[in-house]
Amino acid sequence: MSPIMTVLRSYLIVVAFSCLATALALDVFRMQDFNVPFHYLTDRSIFIWHNFDVNLYFAYAKGIDEGTGAGDLARLAGGAGVVARDYPVPLFQPLIYALLALFTRFTDWGGALNVLYLMGFPAIALTANIALRERGIAPAIAGALAILYALLPFHTYSGQMHIALSFYFAIPLVVMVACWIGEGRLDSDPKLVVPWGLLAGFLAATTDPYYGFFGAMTLFFAGLYRLSQARANRHWKSITLISLLVAFPVAVIGFLGWDAILNGNGVGAERLWQHAEFWGLKPIQLILPIRDHFSGTFRDLSRQYNDIYPSAHINESVSLGLIGTVGLILLLWGKLADTLVPRLRVPGALMLAYLLYASAASLGLFFALQGLMVFRSLYRFAPFIGFIALIPVGLLASQWWARAPRRKLAWGVLILVSIVALADVTGKQSRPQFDEIKEAYQSDSAYFAALEGALAPGTRILQLPHGRFPEGGSVGRIQMYEQFVPYLHTQTMLFSYGARPDSELGQQLEALDATPAADLAEAVCAAGFEAILLDRRGYLPTIHLNRQVNFASVGDVMNAQPEPRYTAIEAVLEGTALTDVQSPRYALYAPCQG
């Protein structure tokens with residue numbers, strides 16, 4: 001076999017084993033219907049933060065499935081439609097939505113999201129394997145670490161909720177190029193560094209603006225390190241390339257443009273300097289175990305902090321696990337003691353730069369105070385930190401691997417350590433609640449299918465209570481973007497959710513939401529709606545969700561007492577209820593018919 005085929009085979013083996021590890025970690029063999037998404041809101045969600053933004057991605061995938069395009073949802077906003085400009089997420093994650101458009105040719109929106117989510121694991125393992133082997137790490141060790149990197153908690157915590165963030169396959173390539181720049185290889189081998197740099201930058205920036213911007217900063221940090229090591233200011237090539245890549249038009253100009261669009265069209269997406277602290281990186285969470293670790297001692301250690309102090313639930317997704325923690329300590333200790341070997345000097349400098357910039361109350365907050373508030377979620381440096389932390393472990397393990405006298409025993413040790421390491425970073429949060437999710441999904445699907453069958457095509461439906469779009473927050477116990485659910489499970493009905501706050505319809509919906517119950521039917525009919533979809537959960541007391549709280553733990557949602565307004569609306573509209581279709585959560589009224 002030729003050397004090229006040998007290398008390709010080794011990469012394919014890593015991809016295959018990453019698929020197997022993913023299937024076991026996510027327990028996908030329990031999945032019964034592939035079109036049911038992995039993360040779907042249920043009343044019994046153990047990890048409630050797996051939902052939230054996920055419905056936004058669902059809706060955009062549904063729009064692609066219906067042929068209206070990414071970000072264009074024709075049946076929302078009362079039939080006026082949501083257009084991409086209203087909330088231009090697809091415009092700034094073009095790679096993600098191009099893949100969704102491809103996958104919806106073969107399956108529906110739920111299946112497309114599942115394919116994309118699963119595809120991320122082998123894609124990350126492949127690029128991580130390439131970058132680790134380039135650092136001089138033995139192929140077997142690099143493969144094991146690459147699979148571990150693909151299954152970090154940041155991946156499974158982000159899940160489909162932030163599908164673009166969980167698709168961090170470009171980061172190892174960015175770090176690889178940054179190491180080359182820091183080591184001066186741009187000057188000695190520009191034909192290697194420049195193409196890889198442009199490719200890595202393009203993939204990072206088109207996956208998510210955060211990765212584009214943080215990737216640009218990574219290259220910038222590497223360039224600063226290189227210049228600090230130079231005896232003379234003759235490394236103009238480094239300065240030129242860094243300046244070019246820091247610009248990252250898609251990441252910087254694009255995301256700043258997104259912010260301008262949101263605030264310029266009345267949507268008013270809130271970006272405050274306090275967010276950089278709220279979503280700042282907490283270094284303690286890098287080394288804490290996952291909250292559902294197989295070891296009771298480790299579980300208690302994690303929850304002792306994570307249940308009390310963190311300001312945002314998703315912040316704990318930065319956990320590196322035991323292997324990553326060892327690598328982090330080795331790098332920082334070696335950096336402080338100035339004992340790092342040449343191949344670790346740039347990774348050590350990058351690690352220090354990340355911690356100084358992204359940690360709570362550090363440089364990232366300072367720049368937020370100066371107005372750079374768009375890239376506020378600094379904990380999202382975690383996959384950069386997680387990858388770099390594996391490099392020193394890989395180099396040490398490679399030395400052991402080269403000296404191991406008995407190869408079969410060495411393989412046995414590597415496999416055993418890999419299994420333990422994977423168990424260390426995966427737990428319940430990695431495994432979707434397939435039974436509960438399927439039950440909730442099928443219940444919603446059946447209800448809205450029956451509803452659509454009972455109403456004329458194109459029926460214009462007012463959703464109450466009204467939820468602002470986008471980034472409008474929760475309404476009672478309706479999570480943000482959860483009001484997309486009726487749209488997801490129908491084909492012809494027109495729903496009110498999705499109107500811009502500054503639009504005439506948006507203001508009209510606000511007024512209808514505040515209309516006294518006695519006058520509601522007349523006002524709704526005058527506004528051109530034909531039916532009212534009342535969501536009981538929106539009138540239940542708001543629960544401030546944290547890491548432990550889930551709906552079931554605070555009592556049966558459907559048995560809780562709703563606000564008086566719900567009871568008043570129900571009493572006034574009782575005679576117009578569509579009684580043929582029943583749901584414990586929703587009620588449909590048709591006061592404008594007949």
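The values are calculated or read from the model by the stated rules, or taken from the named source; none is laboratory data. The structure displayed is predicted, hence computed values, not measured ones. As a convention, Cβ positions derive from the backbone with ideal geometry for all residues, glycine included, and neighbour counts pool all protein chains shown. Note: accessible area is taken over every heavy atom of the protein model, side chains too, but ligands, DNA and RNA are not part of it. Shrake-Rupley method; radii C 1.70, N 1.55, O 1.52, S 1.80 Å.
For segment 382-495, please list each of the helices (runs of 4 or more DSSP H) lying entirely inside it that holds at least 3 residues being modelled with pLDDT of 90 or more, more than 21 Å from the chain's Cα centre (by Cα) and of a type in the set (A, V, I, L, M, F, W, C).
Numbers: elements: 382-403, 407-425, 434-454, 485-488.
Output list reads 382-403, 407-425, 434-454.
Might you check whether a residue that is free of Cβ contacts under 8 Å to residues at least 40 places away in the same chain and either among the charged types (D, E, K, R) or assigned to a helix (DSSP H, G or I) (or both) occurs anywhere in segment 204-221? Let's see the steps before the verdict.
In the first step, residues of segment 204-221 are kept if they are free of Cβ contacts under 8 Å to residues at least 40 places away in the same chain; the result is 216, 220.
From what's left, either among the charged types (D, E, K, R) or assigned to a helix (DSSP H, G or I) (or both): 216, 220.
Yes, segment 204-221 contains at least one residue that is free of Cβ contacts under 8 Å to residues at least 40 places away in the same chain and either among the charged types (D, E, K, R) or assigned to a helix (DSSP H, G or I) (or both).
For (1) more than 29 Å from Pro153 (Cβ to Cβ); (2) crowded, with 20+ Cβ neighbours inside 10 Å, each residue gets a yes or a no:
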site	(1), (2)
Cys19	no, no
Tyr40	no, yes
Gly63	yes, yes
Gly67	yes, no
Tyr97	no, yes
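Could you pull out the residue among Met119, Met161 that is free of Cβ contacts under 8 Å to residues at least 60 places away in the same chain, under 20 Å from Leu100 (Cβ atoms) and surrounded by fewer than 24 Cβ atoms within 10 Å (Cβ to Cβ)? Please lay out each step first, then the result.
Working: Met161 fails: free of Cβ contacts under 8 Å to residues at least 60 places away in the same chain.
Just one listed residue meets the conditions, Met119.
Run Gly498 past the list (1) under 23 Å from the mean Cα position of the chain (by Cα); (2) at negative phi; (3) part of a loop (DSSP other than H, G, I, E, B); (4) crowded, with 18+ Cβ neighbours inside 10 Å and report the number of the one that doesn't hold.
Tallying (1) under 23 Å from the mean Cα position of the chain (by Cα); (2) at negative phi; (3) part of a loop (DSSP other than H, G, I, E, B); (4) crowded, with 18+ Cβ neighbours inside 10 Å, Gly498 fails exactly one: (2).
Working only within segment 203-218, note down all residues that are of a type in the set (A, V, I, L, M) and either farther than 14 Å from Tyr357 by Cα or open to solvent by 10 Å² or more (accessible area, probe 1.4 Å) (or both).
Step one: list which residues in segment 203-218 are of a type in the set (A, V, I, L, M), which gives 203-205, 216-217.
Passing the criteria: Leu203, Ala204, Ala205, Met217.
Matching residues to (1) in contact (Cβ under 8 Å) with a residue 24 or more places away in the chain; (2) out of contact with any Gly (no Cβ under 7 Å at 6 or more places or on another chain); (3) of a type in the set (Gly, Ala, Ser):
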{"residue": "Ala423", "(1), (2), (3)": "yes, yes, yes"}
{"residue": "Pro432", "(1), (2), (3)": "yes, yes, no"}
{"residue": "Ile437", "(1), (2), (3)": "yes, yes, no"}
{"residue": "Tyr441", "(1), (2), (3)": "yes, yes, no"}
{"residue": "Asp444", "(1), (2), (3)": "yes, yes, no"}
{"residue": "Ala450", "(1), (2), (3)": "yes, yes, yes"}
{"residue": "His466", "(1), (2), (3)": "yes, yes, no"}
{"residue": "Gly473", "(1), (2), (3)": "no, yes, yes"}
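Could you list, in sequence order, all residues of segment 170-202 that are open to solvent by 30 Å² or more (accessible area, probe 1.4 Å) and touching a Ser or Thr at 6+ places or on another chain (Cβ under 9 Å)? Walk me through how you get there before you give the answer.
Filtering segment 170-202 for residues open to solvent by 30 Å² or more (accessible area, probe 1.4 Å) gives 183, 185, 187-192, 194-196, 198-199, 202.
Once the filter is applied, which keeps residues that are open to solvent by 30 Å² or more (accessible area, probe 1.4 Å) and touching a Ser or Thr at 6+ places or on another chain (Cβ under 9 Å), segment 170-202 yields only Asp187.
Name every residue in segment 523-532 that is in contact (Cβ under 8 Å) with a residue 40 or more places away in the chain and surrounded by fewer than 18 Cβ atoms within 10 Å (Cβ to Cβ), in order of residue number.
Narrowing segment 523-532 to residues in contact (Cβ under 8 Å) with a residue 40 or more places away in the chain: 524-525, 527-532.
Result: Cys525, Gly528.
Can you give me the ranges of the helices (runs of 4 or more DSSP H) entirely in segment 272-360 with at least 2 residues that are of a type in the set (A, V, I, L, M) and within 20 Å of Ala131 (Cβ to Cβ)? Before the answer, list the steps.
Values: elements: 274-278, 283-287, 296-306, 321-337, 342-358.
Of the helices (runs of 4 or more DSSP H) lying wholly inside segment 272-360, those with at least 2 residues that are of a type in the set (A, V, I, L, M) and within 20 Å of Ala131 (Cβ to Cβ) span 321-337, 342-358.
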